[in-house]
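Participant: Dumping the structure here so I can ask a few things about it.
The values are calculated or read from the model by the stated rules, or taken from the named source; none is laboratory data. None of these values were measured; they are calculated from a predicted model. Here the Cβ is made from the backbone with ideal geometry for all residues, glycine too, and neighbour counts use every protein chain on show.
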Amino acid sequence: MSGFSPEWLALREPADHRARDPFLAMALADRLQAKPIIRVVDLGCGTGSNIRATYAALGREQLWTLVDYDARLLAAARTTLRGWADGVSEDGDKLVLQKSGKTLIVAFRQADLVTDLDTALGGDCDLVTASALFDLCSAEFIARFAEAVAARGAVFYTVLTYNGIQKWTPRHSLDQPMADAFHEHQKTDKGFGVSAGPKAAKALARAFAAAGYSVKEGDSPWLLTRSDQALVDALVPGFAGAVRETGKLSAAQIDAWLSGARHGSEVGHTDTLALPPT
């Protein structure tokens, strides 16, 4: 799987946190509120953005295992979490964080989700979560993943799965051809097989329903304005670069699309909550 830089993850974090569907987060809180201690596995954790956004919906005592393939990101997560917490101590390799009256004990695990999913997930847990991960994954991996989560009887909650909605401000006549080409690029192998891309949320819903889970979804779009200009400015060349790799549009067309200034964007995402039978 391709890595992401800590700088990119930091740039997108405010938009990620703002976009989450609040009703799905409340449903997650309702399901887990009776547990005095909640054991959470966060896959593809990056620098720890997901724990920073999700902890508030969970109880006072939380045991987190942050999993990533990239040792550099795991180190960045440790550093970033230390600066974010109200108080920090250590228990061996684990961090013990105090945040807003809650205690979060955080372990870090380097693992490859593709080749060793069972190690990545570990043993029993109450919640498996991830952010902006599954549009990079194949439908086959998603089906295998759902079976592994169901075998543990865990709740599943993921946010910010790209769903194919993409709008730019101001609009350009080439927006739709560019988006079509971008979606072709999304189908390429990101390390998990042929990526599901915009169809990933539907693949998650099917896979967990097949495992006997009830599935709820919510919208979590990035609604970017001039106040998010740095993120918009980073998205534009990345989007165009992906389109170039497909060969679906000419260099002249891509350059024409790039020639216009942009000060906003809507990028559609879907949040998914899958609950095991009670």
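Participant: Looking at the stretch 167-186, is at least one residue under 18 Å from residue 204 (Cα atoms) and among the β-branched types (Val, Ile, Thr)?
Facilitator: no
Yes or no, residue by residue, for (1) surrounded by 14 or more Cβ atoms within 10 Å (Cβ to Cβ); (2) not in a loop (DSSP other than H, G, I, E, B):
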{"site": "67", "(1), (2)": "yes, yes"}
{"site": "72", "(1), (2)": "no, yes"}
{"site": "89", "(1), (2)": "no, yes"}
{"site": "97", "(1), (2)": "yes, yes"}
{"site": "118", "(1), (2)": "no, yes"}
{"site": "123", "(1), (2)": "no, no"}
{"site": "130", "(1), (2)": "yes, yes"}
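Participant: Somewhere in the stretch 192-200, is a residue in contact (Cβ under 8 Å) with a residue 24 or more places away in the chain, in contact with a Leu (Cβ under 7 Å, 6 or more places away or on another chain) and closer than 24 Å to residue 177 by Cβ? Spell out how you get there, then give the answer.
Facilitator: Quick first cut of the stretch 192-200, residues in contact (Cβ under 8 Å) with a residue 24 or more places away in the chain only: 192-200.
Those still in the list that are in contact with a Leu (Cβ under 7 Å, 6 or more places away or on another chain) too: 192, 195.
Next, only the ones that are closer than 24 Å to residue 177 by Cβ stay: 195.
There is at least one residue in the stretch 192-200 that is in contact (Cβ under 8 Å) with a residue 24 or more places away in the chain, in contact with a Leu (Cβ under 7 Å, 6 or more places away or on another chain) and closer than 24 Å to residue 177 by Cβ.
Participant: Something else: Take residue 82 and decide whether it is over 14 Å from residue 41 (Cα atoms), touching a strand residue (DSSP E or B) at 6+ places or on another chain (Cβ under 7 Å), free of Cβ contacts under 8 Å to residues at least 24 places away in the same chain and of a type outside the set (S, T, N, Q).
Facilitator: It is true that residue 82 is over 14 Å from residue 41 (Cα atoms), touching a strand residue (DSSP E or B) at 6+ places or on another chain (Cβ under 7 Å), free of Cβ contacts under 8 Å to residues at least 24 places away in the same chain and of a type outside the set (S, T, N, Q).
Participant: Say we look at the stretch 146-163 and pick out the residues that are more than 15 Å from the chain's Cα centre (by Cα) and touching a residue at least 60 places away in the same chain (Cβ under 8 Å); which of these is farthest from residue 4 (Cα to Cα)?
Facilitator: Across the stretch 146-163, the extreme among qualifying residues is 153.
Participant: OK, next. Closer than 14 Å to residue 43 by Cβ, at pLDDT 95 or above and either surrounded by 15 or more Cβ atoms within 10 Å (Cβ to Cβ) or of a type outside the set (Ser, Thr, Tyr) (or both): is that true of residue 107 in this structure?
Facilitator: yes
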